[in-house]
Amino acid sequence: MSLGVLSLIGQFACGMASAGFLDCSATEVIKEETSQSSIQPGPNRELIQIVRVWRLTSKHPEFEGTDKTAYMQIDQWNGTGTHAGYWGMVLNSGETLRARFEGSHFLVTKGGRWEVVFQGVFHFISGTGPYEAIRGGGHYRGVESPAGKTEEIGCVASY
């Protein structure tokens, strides 16, 4: 084998060995809603821009107890529709992650009570430090009701 091929194999092997994998699954509860504005372009239709801060609970020490800030746009008719946006967070190490998300939500009423069930997917778009080349993402699902807002995230990434 030529020296160039051996060098290339060595670089590839070292790159693979230094790659990290991350189980970033978590549960979240709403911590605060920092802003919301809406317009109603027609009967029963609403366009909303909202900023929410979520508190994470995770088995991974980088995520445990951190806050995620989501910047979201909602397009809905009678409480059912789509949502999309971006979120950012500072990990316990001080590094940051950013992701893009999109999903759908449905208003459900039962016996005079309501809840909004939502679900979607997200993809990491950037990070800092060891997470600079992060790739991956996951799915989320949750419920919003007068009692509060909760969310479950399934997440896997490489960096």
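Conditions tested, residue by residue: (1) surrounded by 15 or more Cβ atoms within 10 Å (Cβ to Cβ); (2) under 19 Å from Glu152 (Cβ atoms).
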{"residue": "Asp67", "(1), (2)": "no, yes"}
{"residue": "Ala70", "(1), (2)": "yes, yes"}
{"residue": "Trp77", "(1), (2)": "no, no"}
{"residue": "Gly85", "(1), (2)": "yes, yes"}
{"residue": "Glu95", "(1), (2)": "yes, no"}
{"residue": "Ala99", "(1), (2)": "yes, yes"}
{"residue": "Gly111", "(1), (2)": "no, no"}
{"residue": "Val121", "(1), (2)": "no, yes"}
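Report yes if Asp23 is within 30 Å of Thr128 (Cβ to Cβ), modelled with pLDDT of 95 or more and among the acidic types (Asp, Glu), otherwise no.
Spelling it out, Asp23 is indeed within 30 Å of Thr128 (Cβ to Cβ), modelled with pLDDT of 95 or more and among the acidic types (Asp, Glu).
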| query | Looking only at the stretch 117-159, which residues are of a type in the set (A, V, I, L, M) and within 15 Å of Val29 (Cβ to Cβ)? | reply | Val143, Ala147, Ile153
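The values are calculated or read from the model by the stated rules, or taken from the named source; none is laboratory data. Everything quoted here is computed from the prediction, not taken from an experiment. For neighbour counting, all protein chains shown are included, and Cβ atoms are generated from backbone atoms with ideal geometry for every residue, glycine included.
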